2 protein chains.
Amino acid sequence: MADDGDGERIALLRFVERFALTLREAGLAPMPARVLAYALADDADRYTAGDLARGLGVSPAAISGAVRYLVQVGFFVREREPGTRSDLYVLDDQDLWSRFVSAELTSLDRFVQAIDSGVEVLGVERPGGRRLAETRDFMAFLRVEMTGVLARWPAERARLAADRGEVTSRRSG
Amino acid sequence: MADDGDGERIALLRFVERFALTLREAGLAPMPARVLAYALADDADRYTAGDLARGLGVSPAAISGAVRYLVQVGFFVREREPGTRSDLYVLDDQDLWSRFVSAELTSLDRFVQAIDSGVEVLGVERPGGRRLAETRDFMAFLRVEMTGVLARWPAERARLAADRGEVTSRRSG
DNA sequence: AAGAACATTCACAACATCGTGAAGGGTGTG
DNA sequence: CACACCCTTCACGATGTTGTGAATGTTCTT
């Protein structure tokens, strides 16, 4: 039975690495990616820095920077249990990925802004300027649409939860 | 007047660097980012590898890998003028950024797939598995919504073009 | 009040990545 | 048929990044 636990542990860590790789492709740094993947996949709902270090088998130093980033971006919320001398990192289940996409929106804004300044300098008369203007328009469009998508998520989320709650084994519509 | 040309050239290259930086944040490698930014911002609608190398002031070797990537992703289309011995790279104006987002969709698919395998291994009964399942659901939702957004773009694009075409100096309404 | 446990910061070594320069193919031209 | 041109590939130096280990500071226990 101890073997079962170990096996699951290994499976979990393997998955964490795989998932972290995907997160890295999405723009996260390696260690934040690992920490986030681990915190999501393991069963606790709050972790100390030490938990994360031991769980992942990495040095506490590596955790420090990772959690700082994850808190800043909004994946983690830093908490403190009274009478404990270590911070607790709990992932903000509710808006977790909405936050992530919101951050992307900011990035989109920078995009639009950067291109806009280029259009100003080059002028829309030239072919290059025209292309840039179209690119900017698309990014702006995307930004608006994404906002709408985010707004629709809570309802969809509730719908999914309701479906799961009402009939667990239903297969079709 | 030669100074004007040089000044514009410098301004263009400065913008290219700035824009390329934003593109890198969006996931592109440095050189592809520069090449794409330059091809968009400069006035030609087709470039040889040599054009890009000279225009950016980098070695032809650096261009080679960049255009290969950009062609693969769909930003560039490789063409060949009869009687010429150099390939021409022309940016596919029409679907340029739609393609880009489409690529992101594929990335989202990998996301969903990676998480899904994790859910299988860990099971949805455990808190970790449940969290993963919710993450997967969000990503899947995002994927569907993004497809819709892309579908809406052509109409919006046409609308913007019509607005610009009909009245150039209109400010409101 | 001294000590222990914990997290953070800093400097460093390992690692990966990037772009250049030189060498190598393939294709028209004289 | 040799040459010139252009692009590609390869190996290397430079640069940036990552994660560890040691040192530091801080907070609770004894």
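The values are calculated or read from the model by the stated rules, or taken from the named source; none is laboratory data. Remember, it's a predicted structure, so these values are computed and weren't measured experimentally. Cβ sites come from the backbone with ideal geometry, for glycine too, and all protein chains shown count toward neighbours.
Points to keep in mind about this one:
Residue by residue, here is whether (1) more than 16 Å from DNA strand D (Cβ to nearest atom); (2) over 19 Å from B:Ala26 (Cβ atoms) holds:
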position	(1), (2)
A:Val73	no, no
A:Arg78	no, yes
A:Asp92	yes, yes
A:Ala114	yes, no
A:Gly128	yes, yes
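- Scanning segment B:25-34 for residues that are more than 13 Å from chain A (Cβ to nearest Cβ) and within 14 Å of DNA strand D (Cβ to nearest atom) yields B:Pro30, B:Met31, B:Pro32.
- Hey, A:Leu122 at the interface with chain B (Cβ under 9 Å from one of its Cβ atoms), within 19 Å of B:Leu105 (Cα to Cα) and crowded, with 19+ Cβ neighbours inside 10 Å or not: no
- B:Arg131 being touching a residue at least 12 places away in the same chain (Cβ under 8 Å) and either under 24 Å from A:Arg159 (Cα atoms) or hydroxyl-bearing (Ser, Thr, Tyr) (or both): no
- Filtering segment A:72-91 to residues that are of a type in the set (Val, Ile, Thr) and touching a residue at least 12 places away in the same chain (Cβ under 8 Å) leaves A:Val73, A:Val77, A:Val90.
- Pairs meeting the criteria (first residue in segment B:92-120 and among the charged types (D, E, K, R), second residue assigned to a loop (DSSP other than H, G, I, E, B), beta carbons under 6 Å, at least 6 apart or on different chains) are B:Arg99/B:Gly74.
- Being assigned by TED's automatic domain parsing to the domain that holds A:Arg9 and within 16 Å of DNA strand D (Cβ to nearest atom) is a description that applies to A:Ala37.
- Restricting segment B:32-54 to residues that are over 18 Å from A:Ala114 (Cα atoms) and of a type in the set (A, V, I, L, M), the residue that is surrounded by the fewest Cβ atoms within 10 Å (Cβ to Cβ) is B:Ala44.
- Test: residue in segment B:150-172 that is modelled with pLDDT under 90, of a type in the set (Gly, Ala, Ser) and farther than 30 Å from B:Asp42 by Cβ: yes
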